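**Student:** One structure follows; several queries about it will come next.
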Amino acid sequence: VVLFAFSTMISWSYYGERCWAWLFGDGSSMVYRWLFLLMVFLGSIITSTNVLDFGDLMILGMAFPNVLGLYFLAGGVKSDLNDYLDKLKKGEFEKTQ
């Protein structure tokens, strides 16, 4: 379990840093590293219930922009789906084996 936890921290730190760099530029990676280090420290001194509650809150926070994206992109997706289905009915796609 310890190795799994350690490897998970390493992989998520890398993934988070890449996302941070994409959002804020490569020059701000050190800020992310310090924030990650702070969160690791806080996670080691507070109770597991609080850590899980905080994690759940962050997942909820990530859900809001996704739901907004679904709402604003629904019309475009529906239009693209209708175009695809029309082309499929007309036989405009080559069949592959």
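Coordinate-derived values only; no laboratory data. None of these values were measured; they are calculated from a predicted model. Glycine gets a Cβ as well: all are built from the backbone with ideal geometry, and neighbour counts include every protein chain shown.
**Student:** Pull out the extension gain between L57 and W12, defined as 0.36 nm times the separation in residues minus the alpha carbon to alpha carbon distance; nm, one decimal.
**Tutor:** Stretched out fully, the L57 to W12 stretch lengthens by 14.5 nm.
**Student:** Per the Kirkwood treatment, what hydrodynamic radius in Å, one decimal, follows for the chain from the mean inverse distance over all distinct Cα pairs?
**Tutor:** 17.5 Å is the Kirkwood radius here.
**Student:** Compute, for the range 1-82, the length of the dipole vector about the Cα centre, with Cβ point charges of +1 (Lys, Arg) and -1 (Asp, Glu) only. Units Debye, rounded to 20.
**Tutor:** 60 debye
**Student:** For the chain, what are the DSSP H helices with axial Cα length of 30 Å or more and mean Kyte-Doolittle hydropathy of at least -0.5?
**Tutor:** Qualifying helices: 2-24, 48-90.
**Student:** If r is the Cβ-Cβ distance from F72 to A5 and R0 is 41 Å, what FRET efficiency results, to the nearest 0.05?
**Tutor:** After rounding to 0.05, the efficiency reads 0.65.
**Student:** For the pair W22/D83, report the inter-label distance in nm, with labels modelled 7 Å from Cα in the Cβ direction.
**Tutor:** Output for this residue pair reads 2.4 nm.
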